[in-house]
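Step one of this worksheet: look at the structure below.
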Amino acid sequence: MINSDTDLESGFMPICWMSNGQADYSIPPICNNPEEIIFPRSRLPLRVYSAYRDHNLISAIEWVNQSLACNVFQFDGAALHPDVRVYLAVALPPPGRVVGITAHWRLTDGTVAAQITTFMMNSDWSIQYTLQHELLHSIGLSHDDFELSIMWPYARTTTRYVLTTHDTRILRERYCL
């Protein structure tokens, strides 16, 4: 399900769909009617697939679910058609400080799927933080400008971060209540 331009809410990423079904996240949006990603509650918990059961991914899923006080994600190592596919520790990151990327596709049946790619990092803390951040992107949350937020757009060296009250509220309203 996708929200139309008329009811975009602050805190969620505006997207435009390209002809190949991939989402474009350009700011400003490249289309006249940007949308938001919304997974229907009937699909919850979203099935998260990775080729192996990684403890950092499991911890990140648990952190998001506990932060929202509902089960948005569930690891499913056998999912043929997962809602979120995760590729862990891809060897070569792109230039800059990018440590993870989330992309969305609209499938031929109209449903949306997400793919998270993380790059090589040197600590469990960095991996868990990146996975938490990218899982929140996968359900539509955008970056924010609060430096201690999990959605701060830059790689960090501090282990202190939070899911802001605003982000918690809008995600709970969309996926939990």
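Coordinate-derived values only; no laboratory data. Given the structure is predicted, the values throughout are model-derived calculations rather than measurements. Neighbour counts run over all protein chains shown; Cβ positions are idealised from the backbone, glycine included.
When Ile127, Ile101, Ile170 are checked against the criterion of being crowded, with 20+ Cβ neighbours inside 10 Å and touching a strand residue (DSSP E or B) at 6+ places or on another chain (Cβ under 9 Å), a single residue qualifies: Ile127.
Can you name every residue in the range 130-167 that is among the acidic types (Asp, Glu) and out of contact with any strand residue (DSSP E or B) (no Cβ under 7 Å at 6 or more places or on another chain)?
As a first pass, look at the range 130-167 and keep what is among the acidic types (Asp, Glu): 134, 144-145, 147, 167.
Selection gives Asp144, Asp145, Glu147.
Take the residues of the range 130-150 that are part of a loop (DSSP other than H, G, I, E, B) and closer than 14 Å to Ala60 by Cβ: which is farthest from the chain's Cα centre (by Cα)?
Within the range 130-150, the first condition is being part of a loop (DSSP other than H, G, I, E, B), and the residues that meet it are 139-140, 142-148, 150.
Narrowing further to those that are closer than 14 Å to Ala60 by Cβ: 139, 150.
On the way: Ile139: 5, Ile150: 11 Å.
Ranking the candidates gives Ile150 first.
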